[in-house]
Structures are given as structure tokens and as C-alpha cells.
Amino acid sequence: MFKLPTRPQHAQPSPSPPSHSEAASMPPSPSGSEGIIEGAPARDRGWAAGLLAENPYFSAGFGLMGVGAVLAVARKGMVQAATMARRRMLVSLEISSKDPAYLWFLKWMDAQTSPSALAQATRFNSHQLAVETSQETRGDGGAETSFTLVPGPGTHYLRWRSAWFQIKRERDGKMMDLTSGTPWETVTLVTLSRDRPLFSVMLTEARELAKAAQVGKTVIYTAWGPEWRPFGQPRARRLLDSVVLDQGTKERIVDDVTDFMARGTWYAERGIPYRRGYLLHGPPGSGKSSFITALAGSLDYNICVLNLSERGLTDDKLNHLLANAPERSILLLEDIDAAFAGRDQTAEGGFRGNVTFSGLLNALDGVASSSAQRIMFMTTNHVELLDPALIRPGRVDLLELLDDATSYQAGELYSRFYRDHPDVSSEDLTRAREQVEQLITDGAKISMAALQGHFIRHGPLDALTDWRDLIATSGQRDQEQQRPESNRIANAHIEHEALRSKLGQSARPHRSHRRKCPGRQTLKLMPQYFALRDKIAGAKRGCATNRRKSLSATDCSAVSVCLIARHQGVLRLVGRSHFKEASVRQ
């Protein structure tokens, strides 16, 4: 038995791919096209890609998609690069129209067009300008008008100190300043980051330019909503010597103010609030407001005038205004006695004041009051009507009376008016001064304002001979003010009668419950009753303490009896049990 020789096993050659004709004649695979793709060799896949590449629609769509993606990435990169470059290479500064530096900068921009600025290689390129007009009164009474061209809304370019600045002034027509009615504006400055320190230099120069325009002048500020704003143009300073007060009065006030200003460290070391209050009282025309204006000019201070009866002023706004007054300013509250009297206007268009007496006291020296330096002056014509809580030490530290002209004031004022007159010698001036002083010594009551007006209208000789107009004017004023307390009491009687009629109409409970149950309307009128009671009591105090004794003791007694009788009538009407305390006080 023999074995057949085995053939050596060689690697089977891979089948050759079918030709194109054979592939076309071959039947399709049972698994469909998926079987062809999954099991297709690399040559078949390349053939499919080539087939797609030969499709013009596919090539165009894919190309556009690629180009769009590249452009989107490039655009995003450029935006990010520009943002990063702007952050690192540029710096901007925004100034709003509410900031004081806003007006400083506009004035400074106008100054860059001056010949002196152009000589310093300053270039200002702007085709959009705005005009600001101001008027200044001359010594002869005329007005001198000046125009200032400032950058208007738009984009401007400035080359200053070898650096370029882009300046944009934008105005928002939708946002308005409710206090002034002007649209909201902003000024934005852009420059290279390496020139950033120039912003501080620029604003400092603008501030110094604004201060230079106020040299020798006094700025008057008024309250515009919750902030202070200049009122009109700065005024020429009034000399302190132009105001003539009685001997020693001016020196006493000036010495007190200067001593207070020099003791800031002393106040801080002892934890005492650094503020000082002054009250100037006296008849109208005695020089209270004039002296405060002259004092502010001599101290190089400005004046902040605050009207407590202003519409829209509340306790919170008052506290904010006192705490944020401009630096180196004197706060002035004029006619403080009338701030809380007669503020309920019954006429058409009247309003009710929102500042309360307690709110004023807290703003003056409450917990939330400012601890910065504060010099406050208050004026009044009737100091006897002020509440003792308002004029206590700490709120009013110095109280001074500025009365009608004394013989010294009249003679000194005459000398100041006519001492440089060419027709008046020194001997004539001395004799004329003695005559003027004698007129006041004989008992004439003349205000300093009336004397000043008399000297303005007349020459040195006519001022001595024509006194009849001046005395007649003073007599008419005395008649008008002869019984100020009786006038206030009469007005209080009228209000009392009106309130009594209201109480009589509303107090209609059952007779058996009248003492226990006054009407609802009566309960609502009780606060008005107590306020009226305090008002009449203040008028009686003014009657009793009137320095001129315009009401005799008999008249005061008669008025008091009349008031008590009227009050008791109202008390019986609404029930004495509810007003027992008030009856005892009366």
C-alpha cells in the first residue's frame, strides 16, 4: 500500500478584480448597496469619492461652506483682536453732564482755539459747534454780551501735547434732567494708553481755568432738586467795608468766623462736629443779607441759598443738600421765621410744604447730618416767633441784632458817600456828619436801606436839607409795622372762626354722648386746632415781648381774655374731656 505524494500548500493568489464588463454583468448582492460599501475595497471607496467630486453641485456647496466658515472664524478673530488691542492700547474717559467737570471741559475746549493755545501746537478739528451766550453787567449799568463756541454733539479730534484725542459729545433725547429740563449729555475722550496721565493734566487745567474765571467774584448756588447748581453768572465781590453796622457788631462776627475756620484740628481732636451757626435778626433793611454777601466775598467763599418753602423739597432732600454743599460755601436760610408759617396755600395752585420742623432740626445737627465744615447763617425779622429748639446752642452759636440805623451808622454812611466829593471839604464833611448823627439821636427810626437810597438820590447838601421824604417813608413803614403782633392775632382769629364753624358742623353726636364722643370730622380737625392754638400762643408771646411796646399791657390782656373765651367755646362744643390738657395750657 502506498501513499500518494501530497502537493505542497502554497498561498492561494488573491482573485483578480473583475473587469468593468464583468462587474456590470454580475448580479447584485442580496444585501443591497450597504453590503457593497461595507465590503467594498479601497479602490471602490476612492471611486465613490471621485464620483462625488465630479458632481459640480456638491463641489460648489462644499466650497461655499468652507469659505463661509473661514470668513466667520476670521471675522471673529479680528473682532477679538480689535477688542483686545483697544483694551490694551486705548483708554477712554466719560464725563456726564451732571458732573461739574462737564462745563469745565467745554470751556477748556473753547480755550484751545485761542492764539496762545495754537502757539503751543494745539490742533482742534471740529465742524460741529454749539454756542453759549453770557451777559455781564458793566459799571454804567449796561450789559456786555459774550459768545463761546463749544463742541456740539458729534465726533471731534484734538491734538494736545503731542497726543491725539477723539472726543464724542452725545445727547440722549429720551433722557431729560427733571430739574432743569435739559437733555442728558455725555462727553467721551479716547486716546492711546501711553497718554493716559494726560487726562488728569487736562482736567486739572480745565478746573484751574474755571477757577480763574471766578477770581474776585462770588458764586451763588441754589438747590435744583437734590443738587446745587450755580445761579446766573458769578457776581463781583462786595467789599466788607461797604456794609456799615453798629460799632463792634461787624468785628465780632468776623472774628468769630475766622476763629472757627482756623480751629479745624481742634474740633477733630475733640470729636466735635465742625460746624457753626449764626442768626442775624432785626427789622427789614438793616443789612443782614448784604453783610452775609460781603462776608462771603472777604473770606473767598461762595453762598448756597436754600428756600425751605420750595416746591418738592422734602426732609430727605434737605438733609442731602446740607450734607453735600459745595466746598468753601456759606449756607444761607433767609426769613427762617416764615418757613413754617402760612405754607398751606388755599388759593388756586397752592401747595403744602413738605419740609417739617423736626426734619430741619435733624438736618442741622442730627445723627445723619454732615460732619464736614459748615458755616450757616439764618436771618429773621421776628426772632420772638422762633422756636427755642431752633436757636439753641449747637444750632445757633452766635445771635446778633442788626437794628435800624444808629447815629454812628448814619454818620459813617454819609462820610463814605461824600468824602471824595470835590465840593465837600473835610471840615464840611465833619459838620455834615454831626448833623446826620443828631437827626438819629433825636429819635428818628430810619433803616440803613432807606438812608442808602436817600444818599444815592441826593448830593451832599441836598441830603442834609431834604429829609422830609425820608422821614415820611420811615413813618409810613412804622405805621405798617406798628402792630405786627395784633395783625397776626387778627389773622389767627379769622382762622379760628373758620375752624370753629367746621367743628360746629361736624360735632353733632347725641347730647348724652357729646363729652365722650366728638364727631369723626372733629377728630380729624384736632391737629389743626392744636396748630392754631400754638400759632395764637406765639402771637401772644410776640405781643408781650415786643421791644417797641406797640401793644399796651391792657390790649394784651384783652386779647388774651378774648382768645381764652373763644377757645373755651370750642372746647365746650367738641367736649372738654378731649381737650383738657389744652385748656389747662391756655
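A few points about this structure:
- Options Arg395, Arg433, Arg419: the member that is surrounded by fewer than 18 Cβ atoms within 10 Å (Cβ to Cβ) and not assigned by TED's automatic domain parsing to the domain that holds Ala296: Arg419
- Extreme residue, farthest from the chain's Cα centre (by Cα), among residues of the range 238-275 that are in a loop (DSSP other than H, G, I, E, B) and more than 26 Å from Gly411 (Cα to Cα): Arg270
Here's the yes/no breakdown for (1) out of contact with any strand residue (DSSP E or B) (no Cβ under 7 Å at 6 or more places or on another chain); (2) modelled with pLDDT of 80 or more; (3) surrounded by 12 or more Cβ atoms within 10 Å (Cβ to Cβ):
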residue: Gly139; (1), (2), (3): yes, no, no
residue: Phe147; (1), (2), (3): no, no, no
residue: Gly152; (1), (2), (3): no, yes, yes
residue: Arg171; (1), (2), (3): no, yes, yes
residue: Met176; (1), (2), (3): no, no, yes
residue: Thr179; (1), (2), (3): no, no, yes
residue: Trp184; (1), (2), (3): no, yes, yes
residue: Leu203; (1), (2), (3): yes, yes, yes
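- Candidate set: the range 412-458, residues that are touching a residue at least 12 places away in the same chain (Cβ under 8 Å), outside any helix (DSSP H, G or I) and under 48 Å from the mean Cα position of the chain (by Cα); chosen: the one nearest to Leu401 (Cα to Cα): Ser447
- Condition met for Pro226 (in contact with a Ser or Thr (Cβ under 9 Å, 6 or more places away or on another chain) and free of Cβ contacts under 8 Å to residues at least 12 places away in the same chain): no
- All positions within the range 195-237 that are closer than 30 Å to Phe417 by Cα, over 21 Å from the mean Cα position of the chain (by Cα) and in a loop (DSSP other than H, G, I, E, B): Val215, Gly216, Arg237
- Among the residues of the range 314-325, not one is crowded, with 17+ Cβ neighbours inside 10 Å, assigned to a loop (DSSP other than H, G, I, E, B) and in contact with a helix residue (DSSP H, G or I) (Cβ under 8 Å, 6 or more places away or on another chain).
- Test: residue in the range 244-252 that is on the phi > 0 side of the Ramachandran plot, free of Cβ contacts under 8 Å to residues at least 12 places away in the same chain and not acidic (Asp, Glu): yes
- Only one of the numbered conditions (1) within 26 Å of Asn381 (Cβ to Cβ); (2) in contact with a Phe, Trp or Tyr (Cβ under 8 Å, 6 or more places away or on another chain) is not met by Leu429, and that is (1).
The values are calculated or read from the model by the stated rules, or taken from the named source; none is laboratory data. All of these numbers come straight from a predicted model, not from anything done at the bench. Every residue, glycine among them, receives a Cβ derived from its backbone with ideal geometry; neighbour counts consider all protein chains shown.
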